[in-house]
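Let me begin by presenting the structure, written as structure tokens, before commenting on it.
The values are calculated or read from the model by the stated rules, or taken from the named source; none is laboratory data. These numbers come from a predicted model, not from an experiment. Quick reminder, even Gly has a Cβ in these numbers, built from the backbone with ideal geometry, and neighbours come from all protein chains shown. Only protein heavy atoms, including side chains, enter the accessible area calculation; ligands, DNA and RNA are left aside. Shrake-Rupley method; radii C 1.70, N 1.55, O 1.52, S 1.80 Å.
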Amino acid sequence: LIITFTAGLWNIGVEGQMMVGAVAASWGAQFLPLPQSVLVPVCIALGALGGTGWAILVGILKTRFGVNEIFGGVALNAIANTVAIYFISGPWQPPEGGSAQSTPPFPTNAWLPVISDTFPVSLLMLAVTIAAVFAIVFALRGTRFGLELKATGKNAKSTRLMGVPVTRTAILALMICGALAGIGGSHRVLHTYHALRPLVSGGIGFYALLVALLVGFRSVPVALVTFALAAVLAGSTRVSVLLGIDP
């Protein structure tokens with residue numbers, strides 16, 4: 001969740017980038033005959049590449065054709081889900097056929113290893129998430145790129161007059177965000193479901209935008225706010241069932 005919400009700081013099309021990242025990771029999980037120690041990082045990298053490629057489309061629509069990133073991102077979200085459904089109901093459908101609900105379960109060597117049965121969290125993805133959060137905070141607060149990106153967001157026309165490559169800065173930000181979203185999508189298929197499903201992102205990309213708005217587009221509070229929201233989303237049902245308290 002945190003890694004996807006971090007991506008939401010910079011991009012409206014997170015949902016579609018998660019979906020494409022999930023599709024790319026699913027391809028690797030199903031068709032690459034590699035040991036788990038190699039296959040899992042490769043699938044995560046494929047997810048990042050898929051999300052990056054989809055983010056570039058948003059950037060091209062915005063910078064070359066003047067399509068607002070909100071409309072371009074939302075439209076590409078729908079297309080990404082359609083692409084996923086095509087694979088699920090077509091080339092990747094179960095051997096018995098006739099299902100548009102899910103691909104067959106991935107081989108176990110494509111699953112993200114967990115810390116323990118009682119704490120089913122991927123240590124690898126946890127490390128990637130922490131590294132990504134620190135990298136984003138540093139990029140925004142301690143680099144020239146971060147300064148240029150903030151200036152571009154505040155006033156692109158004035159920033160361009162100051163000699164900042166606005167188009168390159170915006171597309172690079174979208175690419176980084178797409179990579180993070182794609183990694184988030186790979187987590188959904190390699191850990192949450194162990195298969196590719198329609199709408200596998202589960203709406204997390206839209207929650208990412210909510211968090212970005214709640215934190216005022218500041219990178220530091222993202223992890224804390226995300227954890228709080230995740231606790232509410234995941235815990236409300238259990239509170240209702242176990243304690244009889246309304247969510």
Original post:
Of all the residues that make up region 147-165, how many are assigned to a helix (DSSP H, G or I) and farther than 20 Å from LYS62 by Cβ?
Top reply: 1
**OP:** With respect to LEU147, determine if the residue is modelled with pLDDT of 85 or more, surrounded by fewer than 19 Cβ atoms within 10 Å (Cβ to Cβ) and under 16 Å from GLU15 (Cβ atoms).
**Re:** no
Original post:
Which of (1) under 28 Å from LEU174 (Cα atoms); (2) of a type in the set (Gly, Ala, Ser); (3) out of contact with any Asp or Glu (no Cβ under 8 Å at 6 or more places or on another chain) does ALA80 not meet, given it meets every other one?
Top reply: (3)
Subject >> Single residue of region 216-232 satisfying the filter (loosely packed, with under 14 Cβ neighbours inside 10 Å and in contact (Cβ under 8 Å) with a residue 24 or more places away in the chain) that is nearest to the chain's Cα centre (by Cα) >> reply: PHE227
Subject >> Given (1) within 22 Å of GLY53 (Cβ to Cβ); (2) in contact with an Asp or Glu (Cβ under 8 Å, 6 or more places away or on another chain); (3) without any contact (Cβ under 8 Å) to a residue 12 or more places away in the chain; (4) not β-branched (Val, Ile, Thr), index of the condition SER201 fails >> reply: (3)
**OP:** Scan region 172-202 for residues that are open to solvent by 10 Å² or more (accessible area, probe 1.4 Å), among the small types (Gly, Ala, Ser) and over 19 Å from ALA100 (Cβ atoms) and jot them down.
**Re:** ALA179
Original post:
Restricting to region 198-247, what's the tally of residues that are closer than 23 Å to SER186 by Cα and in a loop (DSSP other than H, G, I, E, B)?
Top reply: 7
Subject >> Qualifying residue in region 102-112 (condition: out of contact with any helix residue (DSSP H, G or I) (no Cβ under 6 Å at 6 or more places or on another chain), of a type outside the set (Phe, Trp, Tyr) and within 27 Å of PRO221 (Cβ to Cβ)) >> reply: no
**OP:** Would you mind listing the helices (runs of 4 or more DSSP H) fully within region 1-107 where at least 3 residues are at pLDDT 90 or above and open to solvent by 20 Å² or more (accessible area, probe 1.4 Å)?
**Re:** 14-31, 36-65, 69-89
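Let's see how each residue does on (1) in contact (Cβ under 8 Å) with a residue 12 or more places away in the chain; (2) touching a Leu at 6+ places or on another chain (Cβ under 8 Å); (3) not small (Gly, Ala, Ser):
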{"residue": "ALA127", "(1), (2), (3)": "no, no, no"}
{"residue": "PHE138", "(1), (2), (3)": "no, no, yes"}
{"residue": "ARG197", "(1), (2), (3)": "yes, no, yes"}
{"residue": "LEU213", "(1), (2), (3)": "no, no, yes"}
Subject >> Pair list, Cβ < 8 Å and 6+ apart or interchain, from region 21-46 residues that are more than 25 Å from ILE176 (Cβ to Cβ) and among the aliphatic types (A, V, I, L, M) to residues that are open to solvent by 20 Å² or more (accessible area, probe 1.4 Å) and assigned to a helix (DSSP H, G or I) >> reply: LEU32/VAL42; LEU34/VAL42; LEU34/ASN109
**OP:** Being hydroxyl-bearing (Ser, Thr, Tyr) and open to solvent by less than 70 Å² (accessible area, probe 1.4 Å) is the filter; apply it to region 108-136 and report the residue that is farthest from VAL83 (Cα to Cα).
**Re:** SER116
